[in-house]
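Below is one structure, written out as structure tokens; the observations come after it.
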Amino acid sequence: QLAESGGGPVQAGDSLTLSCAATGRSFSTYAVGWFRQAPEKEREFTAGISSYDGTTLFADSVKGRFTIPRDNAKDTVYLQMNNLNPEDTAVYYCGAMTSGTIYNSKDYDYWGQGTQVTVSS
């Protein structure tokens with residue numbers, strides 16, 4: 001099971017950190033990705049981190065603003081979001097995979113329920 005938390009309403013330029021916590025299993029062997037879905041849009045890859053060497057990958061729209069640290073001791077992966085803008089408004093989901101392409105949502109084995117982030121100008 002995965003559970004996201006940390007979403008909420010913020011102002012443009014603010015920072016926010018989302019958490020993705022795993023229960024019932026060790027997170028360390030899974031690659032983890034964050035995806036987001038805005039109203040009337042498809043779910044899109046935002047950021048991901050591999051399991052074996054911590055390699056990260058970011059969508060161009062968030063590169064330089066978001067980071068994705070993971071704490072395997074706490075079975076938690078974070079999405080640190082800085083300099084937020086209204087285009088970042090979406091429901092954010094975390095997923096975990098054992099293998100596959102980190103930006104391909106179809107390769108994920110588990111998903112959380114999502115957490116809403118709303119950025120106002």
**Item:** Only listed residue being under 19 Å from Asn104 (Cα atoms), outside any strand (DSSP E or B), touching a residue at least 12 places away in the same chain (Cβ under 8 Å) and not β-branched (Val, Ile, Thr), chosen from Gly24, Gly48, Gly13, Gly54
**Value:** Gly54
**Message:** Checking the conditions here, which among Ala12, Ala47 is open to solvent by 20 Å² or more (accessible area, probe 1.4 Å) and within 28 Å of Ser121 (Cβ to Cβ)?
**Reply:** Ala12
**Request:** Please determine, by comparing only the residues of region 94-119 that are hydroxyl-bearing (Ser, Thr, Tyr), open to solvent by 50 Å² or more (accessible area, probe 1.4 Å) and not in a loop (DSSP other than H, G, I, E, B), which one is nearest to Thr76 (Cα to Cα).
**Result:** Tyr110
**Message:** Out of everything in region 70-93 that is outside any strand (DSSP E or B) and modelled with pLDDT of 95 or more, what residue ends up being most open to solvent (accessible area, probe 1.4 Å)?
**Reply:** Glu87
**Message:** Which condition from (1) more than 18 Å from Ser5 (Cα to Cα); (2) open to solvent by 40 Å² or more (accessible area, probe 1.4 Å) is the one that Arg65 breaks?
**Reply:** (2)
**Prompt:** Out of the residues in region 15-26 that are within 13 Å of Leu79 (Cβ to Cβ) and open to solvent by 50 Å² or more (accessible area, probe 1.4 Å), which is nearest to the chain's Cα centre (by Cα)?
**Reply:** Thr17
**Gly64 at pLDDT 95 or above and within 10 Å of the chain's Cα centre (by Cα)** = no
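The values are calculated or read from the model by the stated rules, or taken from the named source; none is laboratory data. Remember, it's a predicted structure, so these values are computed and weren't measured experimentally. Glycine also receives a Cβ, built like all others from the backbone with ideal geometry; neighbour counts cover every protein chain displayed. Heavy atoms of the whole protein, side chains included, go into the accessibility calculation; ligands, DNA and RNA do not. Shrake-Rupley method; radii C 1.70, N 1.55, O 1.52, S 1.80 Å.
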